[in-house]
Amino acid sequence: MRRIFVVGLISFLCCSAFAEPEIRGTAVELTHFLNGISKTTSVAGEAEVRVPAHRAILSLGIVTENKSLQDALRQNAEMRNKVADFLRKQGIPSDRIQASKFSSTPKFGLFGDKAKSYRVENVMRVAVQDEKEFQAAAGAVDSWQEVRFGGVEFEYADKEALRQKAISDACDM
């Protein structure tokens, strides 16, 4: 008897009843019931839009060092002018070449309060629109030891249209 009871209890617990809710009532009663239900809907989706960059902004660091701060500043200005002339000769217009303000750092010796030398740094940002211009700007890094590659940032035309396309693609999934 005990065995039959255990088998019956296990089969009762294992069986699940599935039912669909049924809503009944008048139109006014249904309106009151449905007004309490949340009207917020959450939609989640993911999409990726790949497009070629419209242009690239190269950062070129120009670093000079000298015992005299004045000479280090002068050398840095001369190097900036050389690089800008080089880039213009390669076909990059002046309006796409911008130099930032400089920073200077004194280097002190192990003993003493007087600066041993001064290091002057400047960042030149060059906007390039194709591979030929990119290679020309990279040539400045190879031409002078004072010029260093600082990095590249890519810009895209009409980011808002690309964002809308990504949203549309995500909703279509």
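Numerical summary
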{"item": "Three-way shape label, the stretch 40-127, alpha-carbon gyration tensor, a/c 1.5", "result": "oblate"}
{"item": "Residue-wise HN-Hα coupling along the stretch 83-95, computed from phi with Karplus coefficients 6.51, -1.76, 1.60 (Hz; x: Gly, Pro)", "result": "5, 4, 4, 4, 5, 5, 5, 7, x, 8, x, 4, 6"}
{"item": "Nonlocal amide H pairs with residue 117, under 5 Å, H built at 1.01 Å", "result": "107"}
{"item": "Residue-averaged 222 nm ellipticity for the chain, from DSSP H runs of 4+ at -39500 (n - 2.57), nearest 500", "result": "-13000 deg cm²/dmol"}
{"item": "Cα-projected label distance for residue 78 with residue 158, points at 7 Å along beta-carbon direction, nm", "result": "4.9 nm"}
{"item": "Accessible carbon and sulfur surface of the stretch 99-173 relative to its total accessible area, %, 1.4 Å", "result": "53 percent"}
{"item": "Computed over the stretch 19-173: relative contact order in percent, which uses C-alpha pairs under 8 Å that are six or more apart", "result": "36 percent"}
{"item": "Residue 129/residue 32 FRET efficiency (R0 45 Å; Cβ-Cβ; nearest 0.05)", "result": "0.10"}
{"item": "Under-29-angstrom lysine pairs by C-alpha in the chain, whenever the two are 8 or more apart or on separate chains", "result": "17"}
{"item": "GluC sites (Glu not before Pro) restricted to DSSP loop in the stretch 109-156 with at most 13 other C-beta within 10 Å", "result": "none"}
{"item": "Contour minus Cα-Cα distance for residue 24 and residue 113 (0.36 nm per residue)", "result": "23.0 nm"}
{"item": "Where the chain is the region considered: accessible area per residue in Å², 1.4 Å probe", "result": "78 Å²"}
{"item": "Inter-centroid distance (Cα atoms) of the stretch 120-171 relative to the stretch 21-82, Å", "result": "17 Å"}
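The values are calculated or read from the model by the stated rules, or taken from the named source; none is laboratory data. All values reported here derive from a predicted model rather than from experimental measurement. Backbone-built Cβ (ideal geometry, glycine too); neighbour counts: all protein chains shown. Protein only, heavy atoms only, side chains kept; ligands, DNA and RNA dropped before computing areas. Shrake-Rupley method; radii C 1.70, N 1.55, O 1.52, S 1.80 Å.
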